[in-house]
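> Okay, here's the structure, questions in a sec.
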Amino acid sequence: MKTALIIGSTGLVGAQLLNLILESPVYDKVVVFVKRETSIKHPKLIQHLIDFDKIENYQNLVVGDDFFCTIGTTIKKAGSREAFKKVDLIYPKQFAQIALKNKVSQFLIISSLGANEQSTNFYLKTKGEMEAFLKKLTFKSTIILRPSLLLGNRTEFRVGEKFGAIFMKTISILLFGELLKYKPIESKTVAKALFELAQQNQDGFKIYESNEIQNF
């Protein structure tokens, strides 16, 4: 029996991942770190309300086997590049360092298709910097998923993503070979991939592109 740790459990992928883990006999405890308490009740679930700007105050709570990071935002929602970077880079880095120190075995995180620390695109550059940082850490297993445009019912409406999803769905029939990784992907597929990969107990640093995630 394992203990799962999650940040981002109220998001598009995180909420579905949480349900998978709560229903699984593999985990007997699920610890989530949230800004505000959710209405979810389950005997396995432990919710910690924390100040994400003071993560160091909660180091003793980051104890378990598999750490799932599904946290993420957009520059528009965050309000600035600095605020976006805090959510998508600083928080994951801080939790990863604490998890490693506390001997968590696996760290699994959602990045983005096209992530590259050398990119001129701020979003992709930030994701790439996060990946580069994690590669230097010595978890038994570090798993990075790079999904394309995520499909699913978000709690907030994102106009750009909505129209992007419609457009990409329309042209998906034309995508094949290397272009398959640009096909939109269901958020539940990404959640399932995270869950399944955590059970494989791989060693080392692995990146899965969107077309590979589709196989789950």
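Just so it is clear, none of the values below were taken in a lab; they were calculated from the coordinates. This one's a predicted model, so the numbers in the text were calculated from it and none came from an experiment. Glycine also receives a Cβ, built like all others from the backbone with ideal geometry; neighbour counts cover every protein chain displayed.
> Taking the Cβ of residue 66 as the center, what net charge do the other residues with Cβ under 15 Å away carry, scoring Lys and Arg +1 and Asp and Glu -1? Display every interim value, and only then the final one.
On the way: positive: 2, 29, 44, 103, 140, 192, 206; negative: 28, 65, 196, 203.
In short, +3.
> Enumerate the lysines that residue 136 could reach by cross-link, defined here as Cα to Cα under 18 Å, with residues fewer than 8 away along the same chain left out.
Partners within reach: 93, 101, 103, 125, 127, 206.
> Which value results for Rg/Rh of the stretch 1-128 when Rg is the Cα radius of gyration and Rh the Kirkwood radius based on the inverse mean 1/r? It would help to have the intermediate numbers written out before the result.
On the way: Rg = 14.7 Å, Rh = 15.2 Å.
Ratio of gyration radius to Kirkwood radius: 0.97.
> Test of understanding: express the Cα radius of gyration of the chain as a ratio to 2.2 N^0.38 Å, with N the residue count. List each step's numbers first, then the result.
Numbers: Rg = 16.6 Å, N = 216, 2.2 N^0.38 = 17.0 Å.
Normalised Cα radius of gyration, the chain: 0.98.
> Using only alpha carbon positions, build the gyration tensor of the stretch 70-117, then give the equivalent ellipsoid semi-axes as the square roots of 5 times its eigenvalues, largest first, whole angstrom. Each step should come with its number before you reach the end.
Values: eigenvalues 102, 33, 14 Å².
For the stretch 70-117, the ellipsoid semi-axes come out as 23, 13, 8 Å.
> Given H placed 1.01 Å from N in the peptide plane, which residues other than close sequence neighbours of residue 186 have an amide H under 5 Å from its amide H?
Hits under the 5 Å cutoff: 151.
> Under a crude label model (7 Å from the Cα following the beta-carbon direction), how far is residue 1 from residue 101 in nanometres?
Placing both labels 7 Å along Cα→Cβ, they lie 2.9 nm apart.
> Once the principal axes of the Cα atoms of the stretch 53-149 are found, what is the range along each, listed largest first in whole angstroms?
Reported extents, whole Å, longest axis first: 35, 26, 21.
> Can you give the calculated 222 nm mean residue ellipticity of the chain, where each DSSP H run of n ≥ 4 adds -39,500 (n - 2.57) and the sum is split over every residue, rounded to the nearest 500 deg cm²/dmol?
Details: 8 runs with 75 residues, N = 216.
Here the helix-only value at 222 nm equals -10000 deg cm²/dmol.
> Report the net charge of residues surrounding residue 24, where surrounding means a beta-carbon distance below 10 angstrom and charges are Lys +1, Arg +1, Asp -1, Glu -1. Write out the running numbers ahead of the final one.
On the way: positive: 2, 44; negative: 23, 28.
Net charge in that neighbourhood comes out at 0.
> Of the listed peptides 104-112, 70-78, 40-48, 130-138, what is their order by residue-averaged count of other C-beta atoms within 10 Å, with the highest listed first? Let's see the in-between values first.
Working: 104-112: 23.4, 70-78: 17.3, 40-48: 13.1, 130-138: 15.2.
The most tightly packed comes first, giving 104-112, 70-78, 130-138, 40-48.
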